[in-house]
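Beneath this line is the structure, given in structure tokens, with notes to follow.
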Amino acid sequence: MKVLVIGSGGREHALCWKLAQSPLVEKVYAIPGSDGMRDVASAVPVASQEDILDFARLMQVDLTVAGPETVLAEGLADKFRDAGLAFFGPSQAAARIEGSKGFAKELMEKYHIPTAAYQTFTDEAEAVAYVKTQKLPVVIKADGLAAGKGVVIAQTEEEAEAAVREMMEGRAFGSAGTTVVIEEFMEGEEASVLAFCDGKTIIPMISSQDHKRIRDNDEGPNTGGMGAYAPAPVMTDELMKTVRETILQPACDAMAAEGYPFVGCLYAGLMITAEGPKVVEFNCRFGDPETEVVLPMLDSDLAEIMMHCVNGTLSEEDVRWKDGYAVDVVLASEGYPAGHTDGDVITGIEEAEKLGCHIFHAGTKKRSGSFVTNGGRVLNVVARGATLKEARDKAYEGVSAIRWRGMQYRHDIAAKGLKHLENK
Ligand code: AMP
Ligand code: GLY
């Protein structure tokens with residue numbers, strides 16, 4: 001099989017890496033890919049959706065996999081399916097589960113999927129009046145795709161009003177802010193459960209946990225994710241069963257019933273509250289950096305699973321997991337997340353690999369034979385271990401081998417998970 005992965009980050013490197021291991025796969029292309037992925041995929045600099053489709057036709061690609069949500073929201077999956085080509089990722093209609101928070105909330109309400117109570121507003125004055133009646137903290141979200149940044153957790157009435165005004169009037173998030181969702185603040189620990197879905201059958205992957213803030217102890221501004229581990233001990237077997245029965249299967253059934261069955265990876269961002277797991281958000285694609293820890297734990301053939309999803313033949317026995325844990329520490333460049341510093345020379349990647357880590361490149365570029373920083377999140381240092389502690393220690397050993405000017409990372413990745421295990 002020839003496989004094409006759309007995207008260029010750490011998630012896509014992990015997808016290419018896992019797909020390349022399949023005995024069925026003879027060739028992996030990535031559009032646009034990156035220098036850092038060349039160990040497993042050929043990077044193809046193609047810009048438009050039409051060109052991607054033409055490339056897939058020309059090279060007789062057997063399976064195309066979407067990394068980021070943007071191409072799905074633009075309808076790339078539909079174009080491929082219309083052309084009779086296999087595509088792992090939801091249609092434009094199904095991708096609204098991530099693309100519009102209002103849409104996702106309505107679907108959850110209609111099908112009784114547990115989530116925070118909410119109201120949607122298109123009128124600023126009404127939104128401001130409503131937000132003043134809410135218990136604090138209160139959560140204000142821009143409706144559309146805002147690259148994970150359209151969420152404000154307001155601690156005071158003033159902050160809440162300012163957030164609504166900024167989103168609706170100041171268009172802080174462009175057209176994403178013309179509709180705002182105001183919702184109840186959920187207290188608890190967050191976890192992610194990604195799931196393979198073929199339109200009717202949905203099989204959860206092992207749980208994982210992201211670390212969204214830049215600094216230790218979840219302090220500082222939000223980022224694209226500073227690390228992850230899997231499985232997440234907070235998600236007990238019992239909770240996983242609840243998530244499957246009350247969230248994932250109902251969401252999959254709901255989308256089929258509404259006429260837009262979901263094919264691809266459905267990502268449930270969860271809050272484990274005192275009343276049980278509730279949905280913070282759905283994403284219509286693999287999570288980043290969750291993918292970088294979940295895929296190394298997958299024992300089965302990813303290409304085979306994805307073909308089952310595309311063909312509507314997914315079943316439980318297709319998805320098996322390795323024992324143990326995986327930990328990913330993200331290394332970011334100077335200035336991230338406000339900005340980033342490109343061009344700093346990175347050393348120690350091979351040393352980290354010799355220590356048993358696997359490196360997925362997120363934002364690097366090759367210059368005169370060396371990798372240099374080329375983005376905010378730069379590298380994912382991933383290690384597996386029989387225990388979470390072993391995986392964590394090994395990942396940080398790898399981290400200590402890598403250096404560049406201004407490199408930053410969190411020192412407490414997996415700490416929450418280790419605490420759960422201690423308390424067992
Ligand atoms: P979202 O873009 O919807 O994933 O929100 C980004 C982050 O804001 C989430 O990962 C949570 O940490 C937080 N968040 C969003 N909605 C809520 C909520 N209703 N209660 C508590 N935290 C939330
Ligand atoms: N890890 C957060 C996301 O992929 O959206």
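Of the residues screened, A232 is not one that is assigned to a strand (DSSP E or B), farther than 16 Å from R11 by Cβ, in contact with a helix residue (DSSP H, G or I) (Cβ under 7 Å, 6 or more places away or on another chain) and within 16 Å of ligand 1 (Cβ to nearest atom).
Among the residues of the range 112-157, what is the count of those that are assigned to a strand (DSSP E or B) and within 16 Å of ligand 2 (Cβ to nearest atom)? Summing the residues that are assigned to a strand (DSSP E or B) and within 16 Å of ligand 2 (Cβ to nearest atom) in the range 112-157 gives 3. Among the residues of the range 394-417, the one identified as touching a helix residue (DSSP H, G or I) at 6+ places or on another chain (Cβ under 6 Å), in a helix (DSSP H, G or I) and under 13 Å from A232 (Cβ atoms) is G417.
Based on what the data block shows, is E397 farther than 16 Å from D288 by Cα, in contact (Cβ under 8 Å) with a residue 24 or more places away in the chain, loosely packed, with under 15 Cβ neighbours inside 10 Å and among the charged types (D, E, K, R)?
no
Can you pull out the helices (runs of 4 or more DSSP H) entirely within the range 263-361 that have at least 1 residues that are surrounded by fewer than 18 Cβ atoms within 10 Å (Cβ to Cβ) and more than 16 Å from ligand 1 (Cβ to nearest atom)? Filter on the range 263-361 gives 302-311, 349-354. Taking the range 112-164 as the range and being crowded, with 17+ Cβ neighbours inside 10 Å, more than 9 Å from ligand 1 (Cβ to nearest atom) and touching a residue at least 60 places away in the same chain (Cβ under 8 Å) as the test, the residues that pass are I113, P114, T120, F121, L145. Looking at (1) at pLDDT 95 or above; (2) surrounded by fewer than 16 Cβ atoms within 10 Å (Cβ to Cβ), which is the one condition that is false for G385? Every condition holds for G385 apart from (2). In the range 262-278, the qualifying residues are those that are under 17 Å from the mean Cα position of the chain (by Cα) and among the small types (G, A, S), and the one that is farthest from ligand 2 (Cβ to nearest atom) is G264. Within the range 210-228, the residues that satisfy the criterion of being under 20 Å from K389 (Cα atoms) and within 16 Å of ligand 1 (Cβ to nearest atom) are D210, H211, N217, D218, M226, G227, A228. D216 falls short on exactly one of the conditions (1) within 30 Å of G339 (Cβ to Cβ); (2) surrounded by 18 or more Cβ atoms within 10 Å (Cβ to Cβ); (3) modelled with pLDDT of 95 or more, and that condition is (2). Out of the residues in the range 186-213 that are within 16 Å of ligand 2 (Cβ to nearest atom) and of a type in the set (V, I, T), state the one that is surrounded by the fewest Cβ atoms within 10 Å (Cβ to Cβ). For the range 186-213, the residue satisfying everything is I206. Within the range 362-383, which residues are over 22 Å from L295 (Cβ atoms) and part of a strand (DSSP E or B)? K365, K366, R367, S370, V372, T373 - these are the residues of the range 362-383 that are over 22 Å from L295 (Cβ atoms) and part of a strand (DSSP E or B). How many residues does the range 67-95 contain that are in contact (Cβ under 8 Å) with a residue 60 or more places away in the chain and on the phi < 0 side of the Ramachandran plot? Within the range 67-95, residues that are in contact (Cβ under 8 Å) with a residue 60 or more places away in the chain and on the phi < 0 side of the Ramachandran plot number 17. Listed conditions (1) modelled with pLDDT of 95 or more; (2) away from ligand 1 (no atom under 16 Å from the Cβ); (3) surrounded by fewer than 16 Cβ atoms within 10 Å (Cβ to Cβ); (4) part of a helix (DSSP H, G or I) are all met by E109, apart from (2).
Look at (1) over 15 Å from H13 (Cα atoms); (2) within 22 Å of the chain's Cα centre (by Cα) and you find that T387 fails only one, number (2).
Let's see how each residue does on (1) part of a helix (DSSP H, G or I); (2) within 16 Å of ligand 2 (Cβ to nearest atom); (3) farther than 25 Å from G385 by Cβ; (4) not hydrophobic (A, V, I, L, M, F, W, C):
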| residue | (1), (2), (3), (4) |
| --- | --- |
| R244 | yes, no, yes, yes |
| Q249 | yes, no, yes, yes |
| M255 | yes, no, yes, no |
| Y260 | no, no, yes, yes |
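From the list G89, G75, G84, G102, the lone residue that is within 27 Å of T246 (Cβ to Cβ), surrounded by fewer than 22 Cβ atoms within 10 Å (Cβ to Cβ) and not aliphatic (A, V, I, L, M) is G102.
For the structure I just gave you, tell me whether N380 is under 21 Å from S8 (Cβ atoms) and of a type outside the set (S, T, Y). Yes; evaluated as a whole, the condition is true for this residue.
The values are calculated or read from the model by the stated rules, or taken from the named source; none is laboratory data. Values in this document were obtained by computation on a predicted structure and should not be read as measured data. For neighbour counting, all protein chains shown are included, and Cβ atoms are generated from backbone atoms with ideal geometry for every residue, glycine included.
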